[in-house]
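The values are calculated or read from the model by the stated rules, or taken from the named source; none is laboratory data. Since this is a predicted model, take the numbers as computed values, not measurements. All Cβ positions, glycine included, derive from the backbone under ideal geometry; neighbour counts span all protein chains shown.
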Amino acid sequence: MKTAKKTSKKSNAGASQDALRSAYMDYLLTHGARPVSVYKFCQDLGIAEDAFYAYAGSFDGLEQHIWTGFIDHVVDRLHGDVEFAGFTTRDKVLAFYYGLLEELKRHRSFVLLQTDHVSKPSVVPYYLKGFKSSFERFIESTLNSGKSRGDIATRPFIDKRYPKLFWLHMGFILVFWRNDNSADFEQTDVAVEKSVTLAFELLGKGAVDSAIDFGKFLYQTAR
Amino acid sequence: MKEQDRIPVTKVERASRFLTAGAKIGANYLKHYSKKLINPDTTTDTLHQDNAKDIYNSLSELKGGALKVAQMLSMDKNLLPTAYQQKFVMAQYSAPPLSYPLVVRTFQKAFGKKPEQMFDTFSTSAANAASMGQVHQATIDGKKFAVKIQYPGVGDSIKSDLAMVKPIALAMFRLNPTEYDEFIQEVESRMLEETDYELELKRSIDLSQRTRHLKNLLFPTYYPEYSSHRILTMDWIEGRPLGEVLKSPISQAEGNRLGQAMWDFYHFQMHTLKAVHADPHPGNFIITPDSQLGIIDFGCVKEIPADFYDLYFQLMDRRILTDTKHQLELFEKLRFIYPEDTPKQRDFFIATFIKLIEILSRPFRDGEFDFADKSYFEELYGFGEKLSDMKEIRDSKKARGVRDAVYINRTYFGLYTILHDLKAKIVTRRD
């Protein structure tokens with residue numbers, strides 16, 4: 001897989017990174033708890049302990065890598081797709097979400113186990129830190145290219161907050177998906193489709209700008 | 001109920017009524033969701049009340065003439081609420097079209113491939129809207145295909161929409177819930193069948209093969225290898241939808257030819273196949289450049305049970321109008337009258353149904369009928385108008401008629417209307 005490319009600054013053993021991640025997920029899911037120590041984990045895996053530290057400083061760090069890997073994998077795949085460059089901004093974001101949901105589906109048990117204790121979406125759990133910044137980076141670059149295409153309205157002050165708003169939206173999607181019981185998580189697809197469409201209608205030039213414009217006018221004339 | 005200013009007239013106006021209702025309902029849901037975020041114990045009661053109010057307001061503005069006729073044709077008051085329900089549920093799908101990424105995802109879930117890996121070309125935006133989905137155009141080696149893709153989650157949505165409208169419909173038409181239930185079930189089962197593309201594929205292949213021999217008809221070929229429970233692929237039929245063709249005047253000969261093709265198609269299905277394409281809507285027919293009648297969309301098919309068939313078509317027998325003993329027996333079986341009716345009610349309903357049957361079976365009587373006949377349709381509509389104002393009908397809490405008749409009546413109603421628009425002269429019987 002092409003994933004190794006993205007994390008190349010740390011890596012000189014790409015294959016064993018994947019092995020580390022899947023071994024850790026496997027352990028967590030079959031035992032329901034973390035290995036007692038990095039030492040024991042490496043021993044069972046038959047590798048030296050420092051090979052682990054070359055990649056992550058702790059299990060917390062490893063979990064971060066796993067989550068970030070989900071996003072990086074999807075983004076790499078999207079950029080490798082010839083059609084993707086021609087998509088509108090909305091379709092780019094949709095394609096990203098559908099790709100991510102497909103990726104997460106493969107690791108659903110892990111995701112459920114990790115997010116089990118999360119109830120408030122406003123607090124970012126430690127393992128999602130890298131995931132969050134990867135996500136915001138993707139959204140920011142996509143929205144910026146959207147602005148130059150004219151899909152997205154430039155609104156001083158407000159548009160700096162867009163990545164943050166999208167992060168809240170991402171939280172909504174994850175929680176929705178976590179609770180979704182429909183076959184093939186079809187309802188989550190609908191939720192993504194409808195909410196992203198609405199979001200981009202608000203981001204585009206139109207209703208909101210006219211409302212602000214009109215509000216400003218009323219404010220000015222009322223004085 | 002507050003007085004209405006006026007009844008929405010045009011189709012567009014009526015549709016936009018539903019859109020505003022839709023928007024209001026959307027807002028209700030958002031309100032509910034945000035309340036629930038703040039307080040997880042919020043119940044859905046307020047939501048349902050809000051929705052009920054908005055649906056009621058929009059529905060009650062719609063008591064238009066077309067639906068009154070539909071009501072009359074149903075020979076009871078069940079088709080009216082069902083028509084409302086159906087319209088309402090369908091109006092939910094005036095939603096924005098599916099995004100291309102979701103189309104790709106649907107393909108990947110069904111076939112593990114992207115559309116462009118299966119076809120040489122594939123249109124990224126929808127060419128047409130279909131009931132509960134949208135149609136894309138694709139090609140392989142220059143041959144065109146129509147690929148219908150269903151909106152995900154439609155099935156669940158239908159069930160909850162129908163459940164929501166039911167109490168309102170009951171209240172509006174003052175019906176008895178238990179008797180009315182079976183009619184709702186009929187509508188629900190037909191609409192849920194429409195969401196099952198695997199069933200539609202099977203029926204489309206079967207019905208089109210068995211009706212193929214009729215003159216002036218054209219059916220697309222269906223492709224099971226490119227179809228799944230959410231995707232249905234068939235030949236692209238060149239031409240214009242009937243609704244569009246009808247906007248400009250067409251010649252008498254042309255109208256007769258197309259009308260006859262349509263009549264024969266329905267006649268053959270009713271009496272030979274005993275399964276009917278129950279959605280004669282101008283959008284479901286395509287007029288090809290060489291003036292053939294292309295038939296698409298076998299989503300809504302009513303299979304006619306044998307015992308119901310025997311009862312129903314006895315109504316077309318002229319003796320029913322004079323032979324009183326036979327009449328009573330048949331009317332009771334079809335539940336036009338009930339044993340517990342008072343003699344006054346009984347006389348009233350017998351007289352009303354006799355008049356109805358006389359009007360409705362008139363096209364069959366002489367073996368030939370001119371559907372251009374304005375006076376016939378005026379009589380038909382006029383009688384419908386009168387019926388819906390009759391106190392006896394409004395006050396009867398009983399369902400008059402049986403559930404199997406709902407879609408058969410609707411089919412005849414659609415057929416008569418299209419033939420009238422075509423101004424077609426039809427040979428209705430060949431015996």
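General remarks:
- Looking across the range B:277-313, the residues that are at pLDDT 90 or above and of a type in the set (A, V, I, L, M) come down to B:Ile286, B:Ile287, B:Leu293, B:Ile295, B:Val301, B:Ile304, B:Ala306.
- Residue list for the range A:137-161, restricted to those being acidic (Asp, Glu), within 22 Å of A:Tyr98 (Cβ to Cβ) and in a helix (DSSP H, G or I): A:Glu140
- Unique residue being β-branched (Val, Ile, Thr) and away from chain B (no Cβ under 14 Å) when the list is A:Val75, A:Val82: A:Val75
- Selection status of A:Leu198, more than 13 Å from chain B (Cβ to nearest Cβ) and either under 30 Å from A:Asp116 (Cα atoms) or charged (D, E, K, R) (or both): no
- A:Phe157 being more than 23 Å from A:His107 (Cα to Cα) and either within 11 Å of chain B (Cβ to nearest Cβ) or in contact with a Pro (Cβ under 8 Å, 6 or more places away or on another chain) (or both): no
- The range A:203-223, residues that are assigned to a helix (DSSP H, G or I) and either touching a Gly at 6+ places or on another chain (Cβ under 9 Å) or surrounded by 12 or more Cβ atoms within 10 Å (Cβ to Cβ) (or both): A:Leu203, A:Val208, A:Asp209, A:Ile212
- When B:Ile350, B:Ile320, B:Ile286 are checked against the criterion of being of a type outside the set (D, E, K, R) and touching a Lys or Arg at 6+ places or on another chain (Cβ under 8 Å), a single residue qualifies: B:Ile286.
- Residues of the range B:265-282 classified as part of a helix (DSSP H, G or I) and in contact with a helix residue (DSSP H, G or I) (Cβ under 9 Å, 6 or more places away or on another chain), total: 9
- Within the range A:177-191, the set of residues being in contact (Cβ under 8 Å) with a residue 60 or more places away in the chain and facing chain B (nearest Cβ under 8 Å) comprises A:Asp189 only.
- Residue that is surrounded by the fewest Cβ atoms within 10 Å (Cβ to Cβ) [pool: residues in the range A:96-107 that are more than 10 Å from chain B (Cβ to nearest Cβ) and touching a residue at least 60 places away in the same chain (Cβ under 8 Å)]: A:Lys105
- Options B:Phe107, B:Phe111, B:Phe122; residue that is out of contact with any His (no Cβ under 7 Å at 6 or more places or on another chain) and crowded, with 19+ Cβ neighbours inside 10 Å: B:Phe107
- Residue count, the range B:209-240 (criterion: aromatic (Phe, Trp, Tyr) and assigned to a loop (DSSP other than H, G, I, E, B)): 3
- Residue check: A:Asp91 meets all listed conditions (1) within 14 Å of chain B (Cβ to nearest Cβ); (2) in contact (Cβ under 8 Å) with a residue 12 or more places away in the chain but one, namely (2).
- Exactly one residue among A:Lys164, A:Lys194 is surrounded by 13 or more Cβ atoms within 10 Å (Cβ to Cβ) and assigned to a helix (DSSP H, G or I), and that residue is A:Lys194.
- Verdict on B:Leu201 being closer than 21 Å to B:Ala405 by Cβ, in a helix (DSSP H, G or I) and either among the acidic types (Asp, Glu) or at pLDDT 80 or above (or both): no
- Qualifying positions in the range B:283-308 - surrounded by fewer than 16 Cβ atoms within 10 Å (Cβ to Cβ) and either in a helix (DSSP H, G or I) or of a type in the set (Val, Ile, Thr) (or both): B:Thr288, B:Ala306, B:Asp307
- Restricting attention to the range B:367-378, the residues that are more than 18 Å from B:Gln252 (Cβ to Cβ) and either in contact with a Phe, Trp or Tyr (Cβ under 8 Å, 6 or more places away or on another chain) or modelled with pLDDT of 85 or more (or both) add up to 2.
- Here A:Val93, A:Val75, A:Val123 are screened, and the one residue that is farther than 21 Å from A:Tyr27 by Cβ and either at pLDDT below 90 or exposed (fewer than 14 other Cβ atoms within 10 Å of the Cβ) (or both) is A:Val123.
- The residue pairs whose first member lies in the range B:320-342 and is more than 16 Å from B:Lys355 (Cβ to Cβ), whose second member is among the hydroxyl-bearing types (Ser, Thr, Tyr) and in a loop (DSSP other than H, G, I, E, B), and whose beta carbons are closer than 9 Å, counting only pairs six or more residues apart or on different chains, are B:Glu332/B:Tyr338; B:Asp341/B:Ser396.
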